[in-house]
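Below is one structure, written out as structure tokens, with a few remarks after it.
The values are calculated or read from the model by the stated rules, or taken from the named source; none is laboratory data. From a predicted model like this one, the values you see are computed outputs, not experimental measurements. Reconstructed Cβ throughout: ideal geometry from the backbone, glycine too, with neighbour counts over all protein chains shown.
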Amino acid sequence: MFDDFFIRALVAGIGVAFVTGPLGCFVIWRRLSYFGDTLSHSALLGVTMAYSFEFNIAISVFIISSAIALILIQLQKKTNLPGDALLGLLAHSSLAVGLVVIGFLAFIRFDIMGLLFGDILAVTVNDIIIIWAGGALILLVLKLIWKPLFASTVNYELAEAEGLNPDRAKAIFTILMAAIIAISIKMVGLLLITGMLIIPAAMARNISDNPPKMVLFSIIGGLLSVVIGLFSSLEFNTASGPSIITAALFLFILSLLKIKQSIQLKN
Amino acid sequence: MGSNSNTLVKLKNAGYQQNDKWLVKGVSLEVEKGKIVTLIGPNGSGKSTTAKIALGIYKKIDGEVEKYTNKVGYVPQKVSIDWTLPLRVRDFMVLTESIKEEAIDEALSLTGVVHLKHKNLGNLSGGEFQRVLLARAISKKPDLLVLDEPVQGVDFTGEIALYELIKKISEELNCGILLISHDLHTVMSATDHVVCLNGHVCCSGSPIDVAKNNEYKALFGEQAAQTLSIYEHKHDHVHSHEGEIKKN
């Protein structure tokens, strides 16, 4: 019934959704939407590096995105520019440099649309292994730093005063963000990865009243988006990334109905 | 001040500057098990800064701070909870340490807000939130409690009850308390040691000693000095017919 590539895409997408769910909640709680965007834009540079040096794409993207994150932290300390200006600077300059480097790689056939918007045909068994092994590792680390990360998200000084070392948790979380972008870039594409992080979590926020519930709904929302999105991309022959994000958007709109209801109940 | 095994945190000539301005300078104090140390002083005198130095929130400090415990409960002066976080009182109680359900209930009962356990944190009133903050700090049975104006926004009867609770906790848990408060009446009746700040340590000692101190009087006025003296129950001055105060 399904072609083999489709099953591969489904398995890969489900793996991605399990990880973007909880990470996306932190992206929303900590107001990191544009930070995620910057990292994913810099991923293009990582991809071109991978092609230039015949290196694994996920690892290359991970290295470049982590480097950009570290540069950002340094710039925040050493300049007086506001955070959003620095994010924009890094996002667009790394995207531009990536595209310039692609120009030099004319000898390689390069599917730039697939790179920007995701390509289910491109998902290999190797990618699935990277997504599931990498994803499991990301979730494990996230579980280990959950307490300090969450506490410092609520109130930095409480976490610091009560001995939780929030700075370390924040640094590790930054690396986890680079990692999820690295492993999911083939599925969703680098322009839409942040959507996969934010939209299911935003949907979950609308229908949850406590953190564990929001994480759970965020995962469920991500899984539904992947399944619905991939089936419709097969049906309508659309790119996989945009289809998944569109499905997530529909779920978000549905969740707005729930908000309306609860407001009416209160009145 | 020689440190001993009862010392929980000790500041030696500590100071902190921000943007080239000293927020507080040259503070020495020590909090011991079972003792309540109170910081008083006018606005901007560095009370909260001193607390944050003691807690290790400020790291680039002048002087030294020695902390002998990691079991700390903190009630900050200002806490803003973001609406993007769906957070119930119960979730907030286990924020920095996983504690048992009974311990959560017990602490919330002590501060009189157990009925709010499943309420969203954003829906609480200022006074209710303050009670939750205090409950959270004591629920983990800390060695050191740092309370930065813990009863702000709490109604008058609640204020007295909470101060009594704080005193009781320091005895029961044998924990040290670093307290910041504006309410001289209530504070003085429960405090072992008072440090009066005004960008530096203006004076320190037992409540009685501080009340007699001339710098303290200059800072807070004669009225405040009398407030403290009430707890002494000895009168060190007489009133003339014109209402003037004469020293004995």
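All but one of (1) surrounded by fewer than 24 Cβ atoms within 10 Å (Cβ to Cβ); (2) in contact (Cβ under 8 Å) with a residue 60 or more places away in the chain; (3) part of a helix (DSSP H, G or I) hold for A:Gly241; state the number of the condition that does not hold.
Looking at each condition in turn, A:Gly241 falls short on (1).
Would it be correct to say that B:Tyr16 is in contact with a Phe, Trp or Tyr (Cβ under 9 Å, 6 or more places away or on another chain) and among the aromatic types (Phe, Trp, Tyr)?
Criteria met by B:Tyr16.
Of the numbered conditions (1) assigned to a loop (DSSP other than H, G, I, E, B); (2) within 14 Å of chain A (Cβ to nearest Cβ), B:Gly112 satisfies every one except a single condition; which is it?
(2)
Filter the range B:175-212 down to the residues that are in contact with a strand residue (DSSP E or B) (Cβ under 6 Å, 6 or more places away or on another chain), of a type in the set (Val, Ile, Thr) and not in a loop (DSSP other than H, G, I, E, B) and list them by number.
The answer is B:Ile177, B:Ile180, B:Val187, B:Val194, B:Val195, B:Val201, B:Val210.
Would you confirm whether or not the range B:123-130 contains a residue that is at pLDDT 90 or above, under 21 Å from B:Lys167 (Cα atoms), touching a strand residue (DSSP E or B) at 6+ places or on another chain (Cβ under 9 Å) and facing chain A (nearest Cβ under 10 Å)?
The answer is no; no qualifying residue exists.
So, in the range B:92-104, of the ones that are touching a residue at least 12 places away in the same chain (Cβ under 8 Å) and within 10 Å of chain A (Cβ to nearest Cβ), which residue ends up nearest to A:Ala161 (Cα to Cα)?
B:Thr96
Among the numbered conditions (1) at pLDDT below 85; (2) assigned to a strand (DSSP E or B), tell me where B:Glu215 comes up short.
Answer for B:Glu215: the failing condition is (2).
Restricting to the range B:55-89, give me the number of residues that are outside any loop (DSSP other than H, G, I, E, B) and either in contact (Cβ under 8 Å) with a residue 60 or more places away in the chain or more than 8 Å from chain A (Cβ to nearest Cβ) (or both).
12
So if I check each of B:Lys25, B:Lys52, which one is modelled with pLDDT of 90 or more and either more than 9 Å from every other protein chain (Cβ to nearest Cβ) or within 20 Å of the chain's Cα centre (by Cα) (or both)?
On the way: B:Lys25 fails: modelled with pLDDT of 90 or more.
Unique residue meeting the criteria: B:Lys52.
Applying the selection to the range A:89-111, what residues are closer than 9 Å to A:Leu44 by Cβ, of a type in the set (A, V, I, L, M) and within 20 Å of the chain's Cα centre (by Cα)?
Listed by number, the list holds a single entry, A:Leu95.
This table checks each residue for (1) of a type in the set (Lys, Arg); (2) within 14 Å of another protein chain (Cβ to nearest Cβ); (3) assigned to a helix (DSSP H, G or I).
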site	(1), (2), (3)
A:Thr153	no, yes, yes
A:Glu160	no, yes, yes
A:Ala171	no, no, yes
A:Leu176	no, no, yes
A:Ile181	no, no, yes
A:Lys186	yes, no, yes
A:Leu191	no, no, no
A:Leu223	no, no, yes
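Do you know which residues across the range A:130-150 are surrounded by fewer than 22 Cβ atoms within 10 Å (Cβ to Cβ), free of Cβ contacts under 8 Å to residues at least 24 places away in the same chain and either over 18 Å from the mean Cα position of the chain (by Cα) or within 14 Å of another protein chain (Cβ to nearest Cβ) (or both)?
A:Lys143, A:Leu144, A:Trp146, A:Lys147
Within the range A:101-113, identify whether any single residue is within 14 Å of chain B (Cβ to nearest Cβ), hydrophobic (A, V, I, L, M, F, W, C) and in a helix (DSSP H, G or I), and answer yes or no.
Taking every residue of the range A:101-113 in turn, none turns out to be within 14 Å of chain B (Cβ to nearest Cβ), hydrophobic (A, V, I, L, M, F, W, C) and in a helix (DSSP H, G or I).
Of everything in the range A:179-197, what is over 20 Å from A:Asn126 (Cβ atoms), in contact (Cβ under 8 Å) with a residue 60 or more places away in the chain and surrounded by 23 or more Cβ atoms within 10 Å (Cβ to Cβ)? Give them in sequence order.
A:Leu192, A:Thr194, A:Met196, A:Leu197
Under 22 Å from the mean Cα position of the chain (by Cα) and away from every other protein chain (no Cβ under 13 Å): is that true of B:Phe156 in this structure?
yes
So for the range A:23-37 (the condition being away from chain B (no Cβ under 14 Å), closer than 16 Å to A:Gly135 by Cα and modelled with pLDDT of 90 or more), does at least one residue qualify?
Within the range A:23-37, one or more residues are away from chain B (no Cβ under 14 Å), closer than 16 Å to A:Gly135 by Cα and modelled with pLDDT of 90 or more.
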